[in-house]
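Below is one structure, written out as structure tokens, with a few remarks after it.
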Amino acid sequence: MKRMTDKKFWKIVKKLGWGTLSTDSDVVGLKLAHLVDSIDDIKEMHDISRLKREELSNVIDKFMENPRNKKYRYWGGDDSYWDFTAHIVGLGEEIFMSVIKNLLI
């Protein structure tokens, strides 16, 4: 039974404070343990995060298809690119939506 909503996901992400309060994975992990009700919530957080990262990646791919945007080549590898998208999701809904919006222009 899925209980995690986007609203709840983003609320927890905001409370975690990734990039604003801490980027220490141990600190963030301990906070997360106190913000969820069960291990199932953590799995759902993971799943929603993955979907948000894929959404962002798809928008970036679409942005890069436009010939005028070829100057914005990303030179990192797959792992660093995935970390990059995770970082943007971790910064919260406002930043995530701002990046999406700006890339769709």
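At-a-glance table
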read-out: Residues of the range 1-35 satisfying the condition of being open to solvent by 100 Å² or more (accessible area, probe 1.4 Å) and among the hydrophobic types (A, V, I, L, M, F, W, C); value: 1, 21, 30
read-out: When residues of the range 10-27 are limited to those that are of a type outside the set (D, E, K, R) and in contact (Cβ under 8 Å) with a residue 40 or more places away in the chain, the one nearest to residue 93 (Cα to Cα); value: 10
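The values are calculated or read from the model by the stated rules, or taken from the named source; none is laboratory data. Quick caveat: nothing in here was measured; it's all calculated off a predicted structure. We place every Cβ from the backbone using ideal geometry, glycine too, and count neighbours over all the protein chains shown. Accessible surface areas use protein heavy atoms only, side chains included; no ligands, DNA or RNA. Shrake-Rupley method; radii C 1.70, N 1.55, O 1.52, S 1.80 Å.
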